[in-house]
Amino acid sequence: TEIVGVVSENAPAMELSFQSSQLTETEHALTFADGVATRCPSPAAFDIILNGAARIITVSEEQIGEAMRLYYTTIHNIAEGAAGVPLAGLLTEKAMLEGKTAGVILSSGNIDLSMFRTVLEGKTPIVG
């Protein structure tokens, strides 16, 4: 079993921290996936991830939106931005996972209607 973390490329503090094995703060976390918009990772979460994850990958805002649309159009679930991040990561590594079993967690559908409408229209919400 392998655990892979996924972050928005616009909020890479956890990935940078993981790569350097020390907490790393960033100046900005400008992602519409506000549940992953952290500039400085929590020390407790960082310790768990550092000791449990195989790696952390980044996804774009567009990939997050596509994952949210995919949830809605295929299983009729509303996913907020942060809930789309794991699926976006899985889709990024689709070729590498061919023939393997993989899973993601769909965690929340707490999203503003106007932002969700923007995502469903195939657009990326603008933050900042």
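The values are calculated or read from the model by the stated rules, or taken from the named source; none is laboratory data. Bear in mind that the values here come from a model prediction, so they are computed numbers and not experimental data. Positions of Cβ are generated from backbone atoms using ideal geometry, with glycine treated the same way; all protein chains shown enter the neighbour counts. Heavy atoms of the whole protein, side chains included, go into the accessibility calculation; ligands, DNA and RNA do not. Shrake-Rupley method; radii C 1.70, N 1.55, O 1.52, S 1.80 Å.
Annotations
- Checking G52, G89 one by one, the residue that is of a type outside the set (S, T, Y), within 26 Å of Q19 (Cα to Cα) and open to solvent by 30 Å² or more (accessible area, probe 1.4 Å) is G52 and no other.
- Exactly one residue among A88, A82 is in contact with a Gly (Cβ under 8 Å, 6 or more places away or on another chain), in a helix (DSSP H, G or I) and not β-branched (V, I, T), and that residue is A82.
- Hits in the range 11-41 (condition: out of contact with any helix residue (DSSP H, G or I) (no Cβ under 6 Å at 6 or more places or on another chain), open to solvent by less than 60 Å² (accessible area, probe 1.4 Å) and either in a loop (DSSP other than H, G, I, E, B) or β-branched (V, I, T) (or both)): P12, A29, T31, A37
- Conditions (1) open to solvent by 40 Å² or more (accessible area, probe 1.4 Å); (2) within 23 Å of G128 (Cβ to Cβ); (3) in contact with a helix residue (DSSP H, G or I) (Cβ under 7 Å, 6 or more places away or on another chain): number failed by E62: (3)
- The requirement of being in contact (Cβ under 8 Å) with a residue 24 or more places away in the chain and either over 10 Å from the mean Cα position of the chain (by Cα) or closer than 30 Å to G122 by Cβ (or both) is satisfied by A11.
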